[in-house]
Structure formats: C-alpha cells, structure tokens
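Peer 1: Below is one structure. I have some questions about it.
The values are calculated or read from the model by the stated rules, or taken from the named source; none is laboratory data. For clarity, every value in this text was computed on a predicted model and none was experimentally measured. Glycine gets a Cβ as well: all are built from the backbone with ideal geometry, and neighbour counts include every protein chain shown. These accessible areas exclude ligands, DNA and RNA; they are computed on the full protein's heavy atoms, side chains included. Shrake-Rupley method; radii C 1.70, N 1.55, O 1.52, S 1.80 Å.
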Amino acid sequence: MNLKRKLSELLEGLVMKFKTKNYKLEEILKIKYGKNQKKVIDENGKFPILGTGGLMGYANQYLYDKPSVLIGRKGTIDKIKYIDEPFWTVDTLFYTQIDEELVLPEYIYYYLTTIDFKHYNEGTTIPSLRTETLNRIVVSLPELGIQSSIVKILGNFEKKIKKKLNLITKL
C-alpha cells in the first residue's frame, strides 16, 4: 500500500474521533518566499540552504529560525518537508511561519503530507504553486492536546518506518 495513502488514512481515522475546527491555511500559517542565496552562501556556513531538490549548500546566516513546513513553489511541489532548525530557502521553496496557538508545526507537516499538491499545480511546463491557491486550502484541526498525541503516534510510526528502510538498504 502507498505510504502516503496509509498516513492519510491513519491521520483521518485519528482526527475523526475528535471534534475539529476547519481553517484556511492562511488562518494558521503565513506562506513566505525563499530568497536568493548568493550573498549568504558560505562553504563554512552552518545553516542549510534548501531548494525543492534538497540541500544546496550552507549559509552564514539564516532566513528563518523556527519550526517550519517547507512547500515546493516550482519544480518538485509534492515533497513537503519539515525543519526545526535555522535555515535558508531559495525562491523555489516556500517556508511557513506557523501560528503555534492554533496548530503544532509537526502536526501541520503530517497533515500537509497527505495532500496531493499536484492537484493544485498551476504551471504549464514546470509544476508550480501560488500562495493564493495554497492559502485557500481548508484543513481540519483538533485541539492542541489532541494534535500533540497524534504527533507522538505518527512520530513513532515514522521512526519504525525509517528503521525498517535502513535495514532494507543494508541488505
């Protein structure tokens, strides 16, 4: 079974057991654009520079230093990432400023991994997403305590999956 679909079913099953409230993404987080890295790139830098393709190098300063969900803007738009250390993103990758009074960063990360962002593609030759489109996506959120419990459950599953994948690669 597809891992993304399984996660979606698990999250849906957990959330359905609790009272939730619907929010548009723009109500719970701000989607921000990455910036050109040319002025901050430094081979001795300690902050990762990230693009839709992954790590591009290191910077001597960060663009944002709080937990964030990273969403591809151009190119790879269906690989949501989570980061909880200071970082820099280039302009092909959105980062998010999350309202932690409404949603836990890890919870919204897990939630967003269940969405098929290709469905929201607005590019013709290169897959692309716009903030206006993303801001209108509706998410259902349980209270923070429930979110925390769900994050713990999903985090344990994720650890087990990574452990099994590591074993498989060693074969």
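Peer 1: Go through segment 152-166 and give me each residue that's among the hydrophobic types (A, V, I, L, M, F, W, C) and either open to solvent by 90 Å² or more (accessible area, probe 1.4 Å) or at pLDDT 90 or above (or both). Steps first, please.
Peer 2: Let us first name the residues in segment 152-166 that are among the hydrophobic types (A, V, I, L, M, F, W, C), namely 153-154, 157, 161, 165.
Result: 157, 165.
Peer 1: Further question on the same structure: Considering segment 14-49 alone, what residues qualify as being touching a residue at least 24 places away in the same chain (Cβ under 8 Å), assigned to a loop (DSSP other than H, G, I, E, B) and of a type in the set (S, T, N, Q)? Break it down into steps so the answer makes sense when it comes.
Peer 2: So in segment 14-49, the residues touching a residue at least 24 places away in the same chain (Cβ under 8 Å) come out as 14-15, 18-37, 40, 47-49.
Among the residues that remain, those that are also assigned to a loop (DSSP other than H, G, I, E, B) are: 18-20, 33-37, 40.
20, 36, 37, listed by residue number.
Peer 1: A further question follows. What pairs come out if I take residues in segment 92-120 that are aliphatic (A, V, I, L, M) and pair them with residues that are surrounded by fewer than 17 Cβ atoms within 10 Å (Cβ to Cβ) and in a loop (DSSP other than H, G, I, E, B) whose C-beta lies under 8 Å away, six or more apart or interchain?
Peer 2: 98/66; 115/137
Peer 1: Sort out which residues of segment 19-61 are hydroxyl-bearing (Ser, Thr, Tyr) and at pLDDT 95 or above, and write them in order of number.
Peer 2: Taking segment 19-61 as the starting set, the residues that turn out to be hydroxyl-bearing (Ser, Thr, Tyr) are 20, 23, 33, 52, 58.
Matches in segment 19-61: 23, 33, 58.
Peer 1: Next question. In contact (Cβ under 8 Å) with a residue 40 or more places away in the chain, crowded, with 21+ Cβ neighbours inside 10 Å and of a type in the set (Ser, Thr, Tyr) - does that describe any residue in segment 50-61? Write out each step before concluding.
Peer 2: So the first thing to find is which residues in segment 50-61 are in contact (Cβ under 8 Å) with a residue 40 or more places away in the chain, and the list is 50-52.
From the residues that got through so far, the ones that are crowded, with 21+ Cβ neighbours inside 10 Å too are 50-52.
Filter once more, so that each one left must be of a type in the set (Ser, Thr, Tyr): 52.
Yes, the conditions are met somewhere in segment 50-61.
Peer 1: I'd like to verify a number: residues in segment 106-147 that are in contact with a Ser or Thr (Cβ under 7 Å, 6 or more places away or on another chain) and either under 28 Å from residue 55 (Cβ atoms) or of a type in the set (D, E, K, R) (or both), how many? Step through it out loud before you land on a result.
Peer 2: So in segment 106-147, the residues in contact with a Ser or Thr (Cβ under 7 Å, 6 or more places away or on another chain) come out as 114, 120-122, 140-142.
Then drop every residue that is not either under 28 Å from residue 55 (Cβ atoms) or of a type in the set (D, E, K, R) (or both), which leaves 114, 120-122.
Total satisfying the criteria: 4.
Peer 1: Does segment 79-93 contain at least one residue that is acidic (Asp, Glu), under 21 Å from residue 132 (Cα atoms) and not in a helix (DSSP H, G or I)?
Peer 2: So the first thing to find is which residues in segment 79-93 are acidic (Asp, Glu), and the list is 84-85, 91.
Checking which are under 21 Å from residue 132 (Cα atoms) leaves us with 91.
Checking the rest, the ones that are also not in a helix (DSSP H, G or I) come to 91.
Yes, segment 79-93 has at least one match.
Peer 1: Test residue 93 against the criterion of being farther than 24 Å from residue 42 by Cα and either within 15 Å of the chain's Cα centre (by Cα) or modelled with pLDDT of 95 or more (or both), and give yes or no. Full working, then the answer.
Peer 2: Details: farther than 24 Å from residue 42 by Cα: no; either within 15 Å of the chain's Cα centre (by Cα) or modelled with pLDDT of 95 or more (or both): yes.
No: the conditions fail for residue 93.
One line per residue, one yes/no per condition, for (1) in a loop (DSSP other than H, G, I, E, B); (2) out of contact with any His (no Cβ under 7 Å at 6 or more places or on another chain); (3) open to solvent by 90 Å² or more (accessible area, probe 1.4 Å):
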site	(1), (2), (3)
106	no, yes, no
110	no, yes, no
123	yes, yes, no
139	no, yes, no
168	no, yes, yes
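Peer 1: Oh, and also: Scan segment 136-163 and report the pairs whose first residue is touching a residue at least 24 places away in the same chain (Cβ under 8 Å) and whose second residue is surrounded by 11 or more Cβ atoms within 10 Å (Cβ to Cβ) and polar (S, T, N, Q), with Cβ atoms within less than 8 Å and a gap of 6+ or a chain change.
Peer 2: 140/20; 141/20; 141/147; 142/20
Peer 1: Please give the number of the condition residue 133 fails out of (1) among the β-branched types (Val, Ile, Thr); (2) without any contact (Cβ under 8 Å) to a residue 60 or more places away in the chain; (3) not in a helix (DSSP H, G or I).
Peer 2: It fails just one condition, (3).
Peer 1: Only one residue in 38, 74, 66, 46 is open to solvent by 20 Å² or more (accessible area, probe 1.4 Å), farther than 17 Å from residue 85 by Cα and touching a strand residue (DSSP E or B) at 6+ places or on another chain (Cβ under 9 Å). Which one? Walk me through it before giving the result.
Peer 2: Details: 38 fails: touching a strand residue (DSSP E or B) at 6+ places or on another chain (Cβ under 9 Å); 66 fails: farther than 17 Å from residue 85 by Cα; 46 fails: farther than 17 Å from residue 85 by Cα.
The unique qualifying residue is 74.
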